[in-house]
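Structure, as structure tokens:
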Amino acid sequence: MARGHTTVPSSPLVPLGDPTLLFTTAGMVQFKPYFQGGENLPYSRAVSVQKCLRLSDLENVGRTPRHDTFFEMLGNFSFGDYFKADAIAWAWEYSTRVLELPVDRLYPSVFNGEGGLPPDEEARALWQKMGVPANRIVALGRADNFWGPAGGTGACGPSSEIYFDTGPEACTCGGGCSPGSDCPRYMEYWNLVFPQYDAQLDGTLVPLPKPGIDTGMGLERLALIVQGKGSIFETDLFLPVIELCAQRAGLSTLPKLGDPNDPRAVALCIVADHARALTFAFAEGIAPGNEGRGYVLRRLVRRAARQGRVLGFREPFLADAAAKVIETFRSSYPELAAAERRILGVLTREEESFLRTYEQGVERFESLVAGGAKKLRGEDVFMLHDTYGFLVDLTEEMAAERGLTIDREGFEHAMDEQRERARKASTFAARAGATEEGPAWQVLSEGPDSEFVGWETTEAVSPVRRWRERSDVGPGIAELILETTAAYPEGGGQVADSGMILGKDFESELVDVRRADLEAPIVHRVRVRSGRLPVSEVRVEIDRDKRAATMRNHTATHLVHAALRRVLGTHVMQSGSVVAPDRLRFDYSHFQATTPAELRAVEDDVNRAVLANIQVNVIWSSMEEARADGVIAFFGEKYPARVRSIRIPEVSAELCGGTHVSRTGDIGLFKVLSDTSIAAGVRRMEAATGLNLIDRFRALEDKTNELSRLLNARVDDLTKRVEGLLGEIQDLKSRKAQAQSGTVEKELGALSGEARASRIGKYVSGRVTAPDAKTLREAGDQLAKMVTPGSGVIWTRFEDRYAAQIVVTPDVVRAGVTAGQIARALGERLGVKGGGKDTSAQVGGKVDRPLDEVVGETWSVLESVMGNGQ
């Protein structure tokens, strides 16, 4: 770059290693650690185009010309290098000389001072040095001209914004507006932040040793200005999607985009904006869900789907909008094209899931509104959420449109009750996990604790730092915190180690190992067998067979992940896993069912790596170095400053803190056991390796040999023998059906002679010998021909229940009697349930009376219904 900046690619929408944010909300998020200072920064100046997702303006999307949720942030950054003078000079140069924006339409703003912080007179002087008249420099408070910190902690400071006067025709306030007001006339397009402080958790601001620069210019607003549009939605960043949706909605001309009073205009903008956000998020493997960022995406899908109803759509349409987004951005973001199948698949399934209950939910919502209440009860809001999929935010938005509010507190109470019911029902909740709750710790020695050395060994001798009895959990249960340990604490999908903890005159069984997070101590829960605590020093001995089996399965999950990405596509991302000694479970993002051929290809891919006996390498590095090497990290996971990656050359490279085999050949063999869907766009694979797989093979062999004995056939002939038996069974069924068909025909012939007359047609009730529902339906078809015009009900017995086929000819339907009407009457009289069409219906159930008596009751029902016909 001309001024020494390093071009840095956009970081993911989910910031790696930053649990304070659900999504990347600004260009500086990936650079937050750099503003803290340091001697080994990879660069001191950077530029980027950052993908961002922010919901703070969600309610304004489509109702103003400038607000969106997904946007691209252009930025230049300095980490202890240049400061305000250069940042302001270069921003002015870019705006006036490169973009050639009219100088008289540009209005810089500066921090006016607030809350004990002084006004930024330095910035004001620098803008005047650029030639900006004093009357065009606006002083604003902290809400407008003090930025950050992102996520509540970290770098922050005063800022200068540059506003563009879009003209008096854009004014909506009557002419009294100015930069910083809510009127859209003056549009802020570039924010120059001067990070001078490090915000602490308690809110205090500590001066940074080396102030920096963080600028952010929204590409969408810049496009509006440069292209001379009245709304960001009229620019080429949104218009292709809007035009597609308008065409599909049958709109001959586009409404005025950004007009808050035109529901169609608002709907088109919301759909276009949300389609962009969802497309980019799904491309990164994030899936819709009920919590966290998954909830945000589900909310966007359902908001967009609802706006589709405003445009007249009754079928899923968002995948088409996303496809247009991909077409528009694929040259700049090739990962969108690579993940296209997944994006469209997940979006379609999520939209279909919502639309299945949407209409019923709207009807229920309208019935609640019709009640006249000004506030929807919390239990009703919860019902809409739980039964119809109306997220609470969606219900709140719909209520606000009708001038109503909702009882949020009551809704949360209902949600908490549901969570408590689920918690009590959960077997995991009943499990005795090691937590920080319980009696106070007894300190035995001072110093660092919880150093894990179990990657290379299954034994460790260590001083005991703290201990406590846990009689509240069970007899003989205690917990220990050690200086060092070979015991792996449950985490990253891998189960905890088990084994023994021994000391002088002390023996205990290790039953669980946990740690709350990476910074928390490792807690060893033991069951004391002999001796008593405290003991000053112990030896940790891990169950080697269990550890070895777990390691085989853990390394196999890495091979599975790599194989799935090769076979199904790079859109596949791990969504969860369980790595235990006896099983391997791997959850992954994929939008459709895997075929047998694809699963076989995954198996082959993994086993090729196993048989190649490749060295499994462990590399420690910084997160930046790992990412530069292409190592896969998992969204939402928190990683330490130094990260550990497991690298299998030419096959896999992932961040992982678990235990692994030394060579892939140690896995022995790999076999997929099952692959099922567990949520929209998420599948679960279960597999086996090593000795566990041999045990399964032997069990299968035993079953096969038992079948061979029972069928009196060699193993190689089992398929032929079973096919022969199935043929014989089918032949017997056919003969039985033919015999019963003749019986049914005779029974129907006898019934037709018993038909009674009414003024609108004949009617008959009786019983037949039908072995199944299909035969009963066919008998009903024959009966309808016999009683034309008329109606009939024939009963049969299926084991412990009765069933009936009801037929009504079209002539009788026109006279006002339907099969459904007869079904309802029988339901009231006999307690049976069913339904059907006008000319055909079915009822059935357990009836505590003889079948002949049921037939007699049916005669009465038919007489009443047919007698009341027109």
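Quick one: in the range 29-65, of everything that is at pLDDT 90 or above and part of a loop (DSSP other than H, G, I, E, B), which residue is most open to solvent (accessible area, probe 1.4 Å)? Among residues in the range 29-65 that are at pLDDT 90 or above and part of a loop (DSSP other than H, G, I, E, B), the one most open to solvent (accessible area, probe 1.4 Å) is Arg54.
Against the test of being of a type in the set (Asp, Glu), modelled with pLDDT of 95 or more and under 40 Å from the mean Cα position of the chain (by Cα), the options Glu483, Glu490, Glu437, Glu456 yield a single qualifying residue, Glu483. Taken over the range 507-541, the residue count meeting the criterion of being assigned to a strand (DSSP E or B) and open to solvent by 20 Å² or more (accessible area, probe 1.4 Å) is 11.
Of all residues in the range 566-602, exactly one satisfies the criterion of being assigned to a strand (DSSP E or B) and under 15 Å from Leu344 (Cβ atoms), namely Ser589.
This table checks each residue for (1) touching a Cys at 6+ places or on another chain (Cβ under 9 Å); (2) of a type outside the set (A, V, I, L, M, F, W, C); (3) assigned to a helix (DSSP H, G or I); (4) open to solvent by less than 50 Å² (accessible area, probe 1.4 Å).
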site: Ala305; (1), (2), (3), (4): no, no, yes, yes
site: Arg314; (1), (2), (3), (4): no, yes, no, no
site: Ala322; (1), (2), (3), (4): no, no, yes, yes
site: Glu327; (1), (2), (3), (4): no, yes, yes, no
site: Arg342; (1), (2), (3), (4): no, yes, yes, yes
site: Val346; (1), (2), (3), (4): no, no, yes, yes
site: Ser353; (1), (2), (3), (4): no, yes, yes, yes
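What number of residues in the range 162-209 are within 15 Å of Phe146 (Cα to Cα) and not in a strand (DSSP E or B)? So the count comes out to 6.
Pick out the one residue from Ala556, Ala612, Ala628, Ala601 that is at pLDDT below 95 and either surrounded by 15 or more Cβ atoms within 10 Å (Cβ to Cβ) or of a type in the set (A, V, I, L, M) (or both). Of the residues listed, the single one that is at pLDDT below 95 and either surrounded by 15 or more Cβ atoms within 10 Å (Cβ to Cβ) or of a type in the set (A, V, I, L, M) (or both) is Ala628. Could you look through the range 83-127, keep only residues that are among the polar types (S, T, N, Q) and outside any loop (DSSP other than H, G, I, E, B), and pick out the one that is most open to solvent (accessible area, probe 1.4 Å)? Ranking the qualifying residues of the range 83-127, first place goes to Thr96. Checking each residue in the range 577-609 for being closer than 16 Å to His554 by Cα, out of contact with any Gly (no Cβ under 6 Å at 6 or more places or on another chain) and of a type outside the set (Ser, Thr, Tyr) picks out Ala580, Pro581, Asp582, Arg583, Leu584, Arg585, Phe586, Glu603, Val606, Asn607, Ala609. Looking only at residues of the range 377-403 that are out of contact with any Leu (no Cβ under 6 Å at 6 or more places or on another chain) and over 22 Å from Glu351 (Cα atoms), we find that the one that is least open to solvent (accessible area, probe 1.4 Å) is Gly378.
When Leu311, Leu336 are screened for being free of Cβ contacts under 8 Å to residues at least 60 places away in the same chain and more than 17 Å from Arg54 (Cβ to Cβ), only Leu336 passes.
I need a count of the residues in the range 480-506 that are surrounded by 18 or more Cβ atoms within 10 Å (Cβ to Cβ) and either under 24 Å from Val578 (Cβ atoms) or of a type in the set (Gly, Ala, Ser) (or both). Qualifying residue count for the region: 12. The number of residues in the range 247-286 being part of a helix (DSSP H, G or I), more than 30 Å from Gln574 (Cβ to Cβ) and free of Cβ contacts under 8 Å to residues at least 60 places away in the same chain comes to 5. Where helices (runs of 4 or more DSSP H) fall wholly inside the range 768-835, the ranges with 3 or more residues that are open to solvent by less than 10 Å² (accessible area, probe 1.4 Å) are 773-786, 819-830.
The values are calculated or read from the model by the stated rules, or taken from the named source; none is laboratory data. The structure presented is a predicted model; accordingly, all values stated were derived computationally and were not measured. Note: ideal-geometry Cβ built from the backbone for every residue, glycine included; neighbour counts use all protein chains shown. Note: accessible area is taken over every heavy atom of the protein model, side chains too, but ligands, DNA and RNA are not part of it. Shrake-Rupley method; radii C 1.70, N 1.55, O 1.52, S 1.80 Å.
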